[in-house]
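Each remark here refers to the structure printed beneath this line.
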Amino acid sequence: MGIFEKRRYRNFLLYVNDFNEEDPTTWKGLDPNKSTMREVYAHFKLDSNTADFTGHAFGLHRDDEYLNEPCLDTLQRIKLYSESLARYGKSPYLYPMYGLGELPQGFARLSAIYGGTYMLDKPIEGFVYDDNGAVCGVTSGGETAKCKMVVCDPTYVPDKVKKTGQVVRAICIMNHPVPKTCKDNASGASCQIIIPQNQVGRKSDIYIAAVSNAHLVCTKGYTVAFVSTTVETSNPEAELQAGLDLLGPIEQKFVSVTDIFEPIDDGSKSKVYISSSYDATTHFETTCSDILQLWKAMTGSSFDFTRVQKDLDMADSN
């Protein structure tokens, strides 16, 4: 980024920082509900490369369709990134110690507090439906547990989902951090890298996430990196090459290709609420959005985050 582009980008970031949806004086003549993000970039005279990493690395958009949509959503995404970075320090992202397995474990504990029962290694044989087509039970081991609704992933109900694509992933074990991502190449670093689609002549971004002993997911001196993208060709592994090239020497690599499924309806009739398969992203933004959509479909209202904040404040006071 040249000196003049830096100045223009600074003006853009100041605009985003000061932007307030409720205060038209901060809009600078750009209506957030009408002006597209393409028009915003043009207003600040930003070049295409700057727009690429802004929309894909800050805004976490998976394609360029956002350029022709009202800019409000993207501006809010960039503000969230900036506010998260200011709050947490070196990174806007949070990652659980001991790996992602801690997330379901935390859910299980919280579920138990509220009277839930967690059953592991329990094969599901099928669902039971009433005369109206609504689920009323889950059968396992010849026994049926009664229920009012079921929440599951696509693997449990292949007749209620459709395939929308594939994702190729590589899990890479290295004895060094990702080059040029941490000071003095010190061990214990973590990073997330998003390669915008236009930079590598693709229709989908390439995602890289690296964690290490700092998160207690591997032994000292090693790094575990994940590289993923949406499959576009008949040679999926080759599509990861631009990301793999950034990792340096790789001790061991495990590559897999998985199908992506989405529910064919919202579950309002069957009361079977189905999540979408994990996509190629490594930041879980789309997963969080999917969860919120499931909650709204199940309850009929959006999730109220203020209740969570009240619970956190109460826990802090105790």
* **Pairs with Cβ under 7 Å, 6+ apart, first in the range 273-297 and without any contact (Cβ under 8 Å) to a residue 24 or more places away in the chain, second crowded, with 19+ Cβ neighbours inside 10 Å** => D290/S276
* Unmet requirement for L244, which otherwise passes all of (1) farther than 30 Å from Y156 by Cα; (2) open to solvent by 50 Å² or more (accessible area, probe 1.4 Å) -> (2)
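Please verify whether I291 is outside any strand (DSSP E or B), within 30 Å of A170 (Cβ to Cβ) and touching a Cys at 6+ places or on another chain (Cβ under 6 Å), treating the condition exactly as stated.
Working: outside any strand (DSSP E or B): yes; within 30 Å of A170 (Cβ to Cβ): yes; touching a Cys at 6+ places or on another chain (Cβ under 6 Å): no.
Criteria not met by I291.
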* Exactly one of (1) closer than 21 Å to V161 by Cβ; (2) out of contact with any helix residue (DSSP H, G or I) (no Cβ under 7 Å at 6 or more places or on another chain); (3) open to solvent by 30 Å² or more (accessible area, probe 1.4 Å) is unmet by A238. Its number? -> (1)
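Any residue that is touching a helix residue (DSSP H, G or I) at 6+ places or on another chain (Cβ under 7 Å), among the hydrophobic types (A, V, I, L, M, F, W, C) and within 23 Å of F53 (Cβ to Cβ) - is there at least one of those in the range 205-219? Working first, answer last.
Initially, the range 205-219 is screened for residues touching a helix residue (DSSP H, G or I) at 6+ places or on another chain (Cβ under 7 Å), giving 205-206, 208, 219.
Pick out the ones that are also among the hydrophobic types (A, V, I, L, M, F, W, C) and you get 206, 208.
When the remaining residues are screened for being within 23 Å of F53 (Cβ to Cβ), the result is 206, 208.
Within the range 205-219, one or more residues are touching a helix residue (DSSP H, G or I) at 6+ places or on another chain (Cβ under 7 Å), among the hydrophobic types (A, V, I, L, M, F, W, C) and within 23 Å of F53 (Cβ to Cβ).
List the strands (runs of 3 or more DSSP E) inside the range 131-211, counting only whole elements, that have at least 2 residues being of a type in the set (S, T, N, Q) and free of Cβ contacts under 8 Å to residues at least 24 places away in the same chain. Can you show your working first?
Numbers: elements: 135-140, 143-146, 150-152, 161-174, 191-195.
Per the criteria, 135-140.
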* To do: Taking the residues in the range 272-282 that are out of contact with any Leu (no Cβ under 9 Å at 6 or more places or on another chain) and small (G, A, S) as candidates, determine which candidate is farthest from D153 (Cα to Cα).
  => A280
* Quick one: which residue in K296, K269 is open to solvent by 60 Å² or more (accessible area, probe 1.4 Å), within 30 Å of V157 (Cα to Cα) and not in a loop (DSSP other than H, G, I, E, B)? => K296
* To do: Report, ordered by the first and then the second residue, all pairs with beta carbons closer than 9 Å, sequence separation of six or more or different chains, a first member in the range 47-62 that is without any contact (Cβ under 8 Å) to a residue 60 or more places away in the chain and closer than 17 Å to V16 by Cα, and a second member that is of a type in the set (G, A, S) and surrounded by fewer than 20 Cβ atoms within 10 Å (Cβ to Cβ).
  => F58/S82
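Per-residue answers, yes or no, for (1) closer than 19 Å to H283 by Cβ; (2) surrounded by 11 or more Cβ atoms within 10 Å (Cβ to Cβ); (3) of a type in the set (A, V, I, L, M, F, W, C):
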position	(1), (2), (3)
C71	no, yes, yes
S91	yes, yes, no
G99	yes, yes, no
F107	no, yes, yes
G115	no, no, no
* Asked: Going by the conditions given, is Y129 over 25 Å from Q252 (Cβ atoms), over 30 Å from the mean Cα position of the chain (by Cα) and either loosely packed, with under 15 Cβ neighbours inside 10 Å or modelled with pLDDT of 95 or more (or both)?
  -> yes
* Any hit, the range 8-16, residues being at pLDDT 90 or above and not in a helix (DSSP H, G or I) -> no
* Asked: Quick one: what pairs do we get from the range 7-22, first residue over 20 Å from D47 (Cα atoms) and aromatic (F, W, Y), second modelled with pLDDT of 90 or more and part of a helix (DSSP H, G or I), C-beta under 7 Å, 6+ apart or different chains?
  -> F19/T26; F19/L75; F19/K79
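So in the range 171-223, with the set limited to residues that are of a type in the set (S, T, Y), under 23 Å from the mean Cα position of the chain (by Cα) and under 17 Å from K90 (Cα atoms), which one is modelled with the lowest pLDDT? Break it down stepwise before answering.
Keep residues of the range 171-223 that are of a type in the set (S, T, Y), which gives 181, 187, 190, 204, 207, 212, 219, 222-223.
Filter again for under 23 Å from the mean Cα position of the chain (by Cα), leaving 181, 190, 204, 207, 212, 223.
In the following step, the residues that additionally are under 17 Å from K90 (Cα atoms) were identified as 181, 190, 212.
Working: T181: 79, S190: 84, S212: 89.
So the residue we want is T181.
Every residue in the range 154-170 that is charged (D, E, K, R) and either buried (at least 16 other Cβ atoms within 10 Å of the Cβ) or at pLDDT 95 or above (or both), please.
To start, the set of residues in the range 154-170 that are charged (D, E, K, R) comprises 159-160, 162-163, 169.
Within the range 154-170, K160, K162, K163, R169 meet the criteria.
The values are calculated or read from the model by the stated rules, or taken from the named source; none is laboratory data. Keep in mind the model is a prediction, meaning the values are calculated, not measured. Methodologically, a virtual Cβ is constructed for each residue, glycine included, from the backbone with ideal geometry; neighbour enumeration extends over all protein chains shown. Just so you know, the surface numbers come from the protein's heavy atoms only, side chains and all, with ligands and any DNA or RNA stripped out. Shrake-Rupley method; radii C 1.70, N 1.55, O 1.52, S 1.80 Å.
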